[in-house]
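**Q** Take a look at the following structure, please.
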Amino acid sequence: MNPTPLIIGIGSPFGADRLGWLAVEHLQARRPELRTRLLDRPGAGLLHHLQGERAVCLIDAARGHAPVGHLYRLTPGELPQEGLALTSSHALGVAEALALGAAVGELPEPLWLLAVETSGCNDPEAALGIAWPALCAAVDRFLDSGDTKRPRRSQHRGLKDETKGD
């Protein structure tokens, strides 16, 4: 089991779906010691990248009910109940891959998903710019504080809201 947390950017080279990659590239520039990986629409292959990991934080774009740039912080079990769609051209999306991993007991603990709201915005740089301070704070918390067991709750429709500074 790899003891160093892994940050994975989920996405593709197209439109708002580039957000996960951009976020990880910017985080790597800010903290060169990070262990990172960029995945292009991994589908069920995401599970392969989670094997042998102690702690993983996934970063992706999302379409929900919040303003552009809003940062959601979720655990895998919260994805289906929150009605949050990840901007995905993946045949099998992140939520489905994580549900499959949970069903077979193959998810690392902890596993966080940080998703940036992009509804109505095809410019991932703009959405990331709005979310950047909250995203950095969430990643720092995930890596540094030992608070990797469970994300904190927010007031926005039951989602984790890093933009409000809960």
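The values are calculated or read from the model by the stated rules, or taken from the named source; none is laboratory data. Note that the coordinates shown come from a computational prediction; the quantities given were computed from them, not determined experimentally. With ideal geometry, Cβ positions are generated from the backbone for all residues, glycine too; neighbour counts draw on all protein chains shown.
**Q** Mind checking which pairs have a first residue in the range 40-57 that is more than 17 Å from Pro13 (Cβ to Cβ) and a second that is part of a helix (DSSP H, G or I) and among the aliphatic types (A, V, I, L, M), Cβ under 7 Å, 6 or more apart or different chains?
**A** Ala44/Ala97; Ala44/Leu100; Leu46/Val94; Leu46/Ala97; Leu47/Ala97; Leu47/Leu100; Val56/Leu50; Cys57/Val139
**Q** Determine if the range 48-56 includes at least one residue that is buried (at least 22 other Cβ atoms within 10 Å of the Cβ) and farther than 20 Å from Pro108 by Cα.
**A** Among the residues of the range 48-56, not one is buried (at least 22 other Cβ atoms within 10 Å of the Cβ) and farther than 20 Å from Pro108 by Cα, which makes the answer no.
**Q** State whether the residues of the range 12-20 include one that is within 15 Å of the chain's Cα centre (by Cα), more than 22 Å from Ala134 (Cα to Cα) and at pLDDT 90 or above.
**A** No, every residue in the range 12-20 fails to be within 15 Å of the chain's Cα centre (by Cα), more than 22 Å from Ala134 (Cα to Cα) and at pLDDT 90 or above.
**Q** Given the criteria at pLDDT 90 or above, under 22 Å from Ser12 (Cα atoms), in contact with a strand residue (DSSP E or B) (Cβ under 6 Å, 6 or more places away or on another chain) and surrounded by fewer than 19 Cβ atoms within 10 Å (Cβ to Cβ), does Arg63 qualify?
**A** Numbers: at pLDDT 90 or above: no; under 22 Å from Ser12 (Cα atoms): yes; in contact with a strand residue (DSSP E or B) (Cβ under 6 Å, 6 or more places away or on another chain): yes; surrounded by fewer than 19 Cβ atoms within 10 Å (Cβ to Cβ): yes.
So Arg63 fails the test.
**Q** Being closer than 21 Å to Gly64 by Cα, in contact with a strand residue (DSSP E or B) (Cβ under 8 Å, 6 or more places away or on another chain) and modelled with pLDDT under 80, is that true of even one residue in the range 131-152?
**A** Scanning the range 131-152, I find at least one residue that is closer than 21 Å to Gly64 by Cα, in contact with a strand residue (DSSP E or B) (Cβ under 8 Å, 6 or more places away or on another chain) and modelled with pLDDT under 80, so the answer is yes.
**Q** What do you reckon, is Pro67 touching a residue at least 12 places away in the same chain (Cβ under 8 Å) and in a loop (DSSP other than H, G, I, E, B)? Please lay out each step first, then the result.
**A** On the way: touching a residue at least 12 places away in the same chain (Cβ under 8 Å): yes; in a loop (DSSP other than H, G, I, E, B): yes.
Taking the combined requirement at face value, the residue satisfies it.
**Q** If you don't mind, another one. Go through the range 119-144 and count every residue that is β-branched (Val, Ile, Thr) and surrounded by 21 or more Cβ atoms within 10 Å (Cβ to Cβ). Talk me through it step by step, then tell me what you get.
**A** If we filter the range 119-144 for residues that are β-branched (Val, Ile, Thr), which is where we start, we get 130, 139.
Subsequent filtering for residues that are surrounded by 21 or more Cβ atoms within 10 Å (Cβ to Cβ) retains 139.
Of the residues in the range 119-144, 1 are β-branched (Val, Ile, Thr) and surrounded by 21 or more Cβ atoms within 10 Å (Cβ to Cβ).
**Q** Another one. Quick one: would you say Ala95 is free of Cβ contacts under 8 Å to residues at least 24 places away in the same chain, buried (at least 19 other Cβ atoms within 10 Å of the Cβ), of a type in the set (A, V, I, L, M) and touching a Leu at 6+ places or on another chain (Cβ under 6 Å)?
**A** On the way: free of Cβ contacts under 8 Å to residues at least 24 places away in the same chain: yes; buried (at least 19 other Cβ atoms within 10 Å of the Cβ): yes; of a type in the set (A, V, I, L, M): yes; touching a Leu at 6+ places or on another chain (Cβ under 6 Å): yes.
The answer is yes for Ala95.
**Q** Here's something else I'd like to know. Of the residues that sit in the range 75-129 and are at pLDDT below 80 and part of a loop (DSSP other than H, G, I, E, B), which one is farthest from Ile10 (Cα to Cα)?
**A** The qualifying residue farthest from Ile10 (Cα to Cα) is Gly83.
**Q** Exactly one of (1) assigned to a loop (DSSP other than H, G, I, E, B); (2) in contact with a strand residue (DSSP E or B) (Cβ under 8 Å, 6 or more places away or on another chain) is unmet by Pro32. Its number?
**A** All conditions pass for Pro32, except number (2).
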